[in-house]
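Trainee: My questions all concern the structure below.
Values quoted throughout were computed directly from the atomic coordinates according to the rules given, and no laboratory measurement underlies them. As the structure is a computational prediction, the values presented were derived from the model and not from experiment. Every residue, glycine as well, gets a Cβ built from its backbone with ideal geometry; the counts of neighbours run over all protein chains shown.
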Amino acid sequence: MEKVSRELKVSALENGTVIDHIPSNRVFQVIKLLDLSSVKDEIFVGINLQSEKLKDGKGIVKVSNRYFEDWEIDKISLVAPTATLIEIKNYEVLVKRKFAIPDKIQSFVKCFNPNCITNHQPIETSFTVIDKEDLKLQCHYCEKITAKNNMVFL
Amino acid sequence: MKNKSLVSISDFTKEEQLRILDLAESFEKQPRQKILDGYVVATLFFEPSTRTRLSFESATSRLGAKVIGFSDASSSSVIKGETLKDTILMVGGYADVIVMRHPREGAARYASEVSKVPIINAGDGANQHPSQCLLDLYSIRKTQGTLDNLNVAFVGDLKYGRTVHSLTMALSQFNTTFHLVSPEPLKLPSSVKQHIKDNNLEYHQYTDLEEVIPKVDILYMTRVQRERFSDPMEYEKVKDSCLLSKSLMAGCKPNMKILHPLPRVNEINTDVDDMPQAYYFQQAQNGVYVRQAILSSILGVM
């Protein structure tokens with residue numbers, strides 16, 4: 001019974017993008033990253049939904065009639081590495097994949113070095129991902145590393 | 001190298017670095033050459049650094065160019081809240097090249113991306129100081145005749161020592177063996193050690209300076225700062241372990257040279273100064289020739 005209703009929740013979208021398996025506490029960050037407040041189409045957001053994979057509850061975001069470029073969507077990998085991307089057309093699942101951690105990150109992560117110029121001047125941050133396994137970002141400006149547990153999102 | 005900024009030592013390839021050293025050699029033979037007559041060099045020192053600034057200004061003057069700039073942020077528009085970008089764009093209209101020292105890491109990299117004229121990084125916080133690295137390489141090559149197959153010791157504060165990190169990275173391009181002497185809390189960071197290993201080179205660690213003296217061609221001394229220790233008792237315990245005096249110098253190799261980025265406090269005793277191995281003041285002077293080489297390369301006249 002549960003399996004059927006879960007499938008219905010996902011494929012209720014005719015055309016659009018679904019991001020599933022977001023840790024509940026990261027849903028708002030995902031919404032912000034994708035700038036969904038400027039989208040005019042229907043958006044469904046679920047938070048604290050029961051999940052086998054995510055013990056503390058999962059979040060799900062469904063955006064109608066909207067598809068994202070790789071560079072727009074792969075940022076999610078930093079905020080919600082467990083999430084799944086599903087693209088739907090005519091009620092059919094066309095794409096279902098995990099997010100790939102990009103090689104470069106622009107502007108949505110803060111440099112952990114308090115003395116970095118980006119924390120003192122109106123400059124967009126910029127990082128190279130030097131370790132995808134253990135999530136280490138090297139700042140393009142100060143050359144210092146911001147690690148996974150020090151990551152603050154702007 | 002023409003019109004290319006110098007922010008980190010890695011901005012120049014190994015070949016470009018060696019070319020700077022060769023050029024510096026020709027400037028040492030003849031320091032006064034009016035090849036930059038009519039050019040303007042801006043020295044923007046957002047934090048004071050008398051030594052580096054005077055060195056760049058001397059290099060500039062000897063080449064016939066004029067110097068403009070400021071030596072302290074408080075005496076500039078910065079104090080009025082002007083952004084770094086605005087300052088750089090403004091000065092870029094007054095000068096052909098900007099030499100910049102800034103207290104924040106990344107400032108020079110940012111400046112090089114917004115500026116219309118090349119930027120030479122004279123130190124950005126605890127990050128890079130490429131002209132120091134090049135003058136260190138020049139001093140080593142000059143005194144040893146080569147940069148290959150040397151035994152180099154770094155002594156003192158290896159954890160925070162910006163010059164040590166840069167020079168280690170640069171020397172890893174040559175078949176160097178590293179000897180690292182420091183108190184336990186100030187060891188060379190693992191990322192730098194990894195760089196040595198990635199180049200298939202060796203490093204050895206010591207806590208006692210006397211042990212390395214007979215082994216090395218270059219002894220690079222740095223100051224251990226009290227402020228780096230959270231526990232003053234720890235500092236007291238180790239502060240004398242990295243001090244060099246004449247009595248420790250017995251058994252050193254005849255070609256061995258002592259380098260220090262200066263200013264020195266007590267880590268090199270003045271009784272060492274008259275020894276043939278003491279090279280730190282010539283090292284500082286070499287800075288002028290290396291900076292002449294950097295300026296003339298970037299301005300495209302050499």
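Trainee: Take peptide A:93-106, look around each residue's Cβ out to 10 angstrom, count Cβ atoms belonging to other protein chains, and average those counts. The partial results should precede the final answer.
Mentor: Numbers: counts 0, 0, 0, 0, 0, 0, 0, 0, 0, 0, 0, 0, 0, 0.
Mean partner-chain Cβ count within 10 Å for A:93-106: 0.
Trainee: Across every pair of different alpha-carbon atoms, what Kirkwood hydrodynamic radius in Å does segment B:142-282 reach?
Mentor: On the way: mean 1/r = 0.0656 Å⁻¹.
Computed over Cα pairs of segment B:142-282, the Kirkwood hydrodynamic radius comes out at 15.2 Å.
Trainee: Can you compute the equivalent ellipsoid semi-axes for segment B:1-159, i.e. the square root of 5 times each eigenvalue of the Cα gyration tensor, sorted largest first and rounded to whole Å?
Mentor: Values: eigenvalues 149, 77, 40 Å².
Semi-axes (√(5λ), whole Å): 27, 20, 14.
Trainee: From Cα coordinates alone, what are the radius of gyration and Dmax values for segment B:76-234 in angstrom?
Mentor: Every Cα atom of segment B:76-234 included, Rg and Dmax give 18.5, 55 Å.
Trainee: Can you give me the C-alpha center-to-center distance between segment B:205-222 and segment B:268-302, rounded to a whole angstrom?
Mentor: One Cα centre to the other: 22 Å.
Trainee: Further question: What relative contact order, as a whole-number percentage, does segment A:2-98 give when Cα pairs under 8 Å and 6 or more residues apart are counted?
Mentor: Details: 172 pairs, mean separation 38.6, N = 97.
Relative contact order here is 40 percent.
Trainee: Moving on to the next point. May I ask what percent, to the nearest 5, of DSSP beta bridges between residues of the protein assembly as shown are antiparallel?
Mentor: Numbers: 33 of 67 bridges.
Bridges in the protein assembly as shown that DSSP calls antiparallel: roughly 50 percent.
Trainee: Please list, in order along segment A:107-117, the HN-Hα scalar couplings obtained from phi with the Karplus expression 6.51 cos²θ - 1.76 cosθ + 1.60 (θ = phi - 60°), rounded to whole Hz, x for Gly and Pro.
Mentor: Per-residue couplings from phi come out as 6, 10, 10, 8, 6, 5, 6, x, 9, 6, 4 Hz.
Trainee: Taking a spot 7 Å from the Cα of residue B:86 along the direction of its beta carbon, which residues of segment A:123-146 have an amide N less than 15 Å from it?
Mentor: Correct set: A:123.
Trainee: Something else about it: Once amide H atoms are built 1.01 Å from N in the peptide plane, which residues 5 or more positions from residue B:259, or in another chain, come under 5 Å H to H?
Mentor: It is B:219, B:220, B:221, by chain and number.
Trainee: Same structure again: Please compute, for the alpha-carbon atoms of segment B:84-172, the extent along each of the three principal axes and give them in descending order in Å.
Mentor: 46, 27, 15
Trainee: Which of the lysines could be linked to residue A:89 by a straight reach, that is with a Cα gap under 22 Å, when you skip same-chain ones fewer than 8 residues away?
Mentor: The qualifying lysines are A:3, A:9, A:40, A:62, A:98.
Trainee: State the percent of C-alpha pairs, over all pairs in chain A, separated by a distance greater than 26 angstrom. Please report the intermediate quantities before stating the final value.
Mentor: Details: 3681 of 11781 pairs.
Of all Cα-Cα pairs in chain A, 31 percent lie more than 26 Å apart.
Trainee: For B:14-20, what's the mean count of beta carbons from other chains sitting within 10 Å of each residue's beta carbon? Provide the component values of the computation, followed by the final result.
Mentor: Values: counts 0, 0, 0, 0, 0, 0, 0.
That average works out to 0.
Trainee: Write out the GluC sites (Glu not before Pro) in segment A:54-100 meeting two conditions: DSSP loop, and at most 12 other Cβ atoms within 10 Å of their Cβ.
Mentor: A:69
Trainee: For segment B:33-115, just list the percent of Cα-Cα distances falling in each 5 Å bin from zero outward, please.
Mentor: P(r) for segment B:33-115, in whole percents per bin: 3, 15, 25, 26, 18, 9, 3, 0.
Trainee: Semi-axes, largest first, in whole Å: what does sqrt of 5 times each Cα gyration tensor eigenvalue give for chain B? Don't skip to the end; give the middle numbers.
Mentor: Details: eigenvalues 217, 97, 62 Å².
Semi-axes (√(5λ), whole Å): 33, 22, 18.
Trainee: Related question: Please compute one quarter of the surface area of the Cα convex hull for the protein assembly as shown and express it in square nanometres. Intermediate values should be presented prior to the final figure.
Mentor: On the way: hull surface 108.4 nm².
Orientation-averaged projected area of the Cα hull: 27.1 nm².
Trainee: If r is the Cβ-Cβ distance from residue B:198 to residue B:19 and R0 is 25 Å, what FRET efficiency results, to the nearest 0.05?
Mentor: Numbers: r = 25 Å, r/R0 = 0.99.
For residue B:198 and residue B:19, the calculated efficiency is 0.50.
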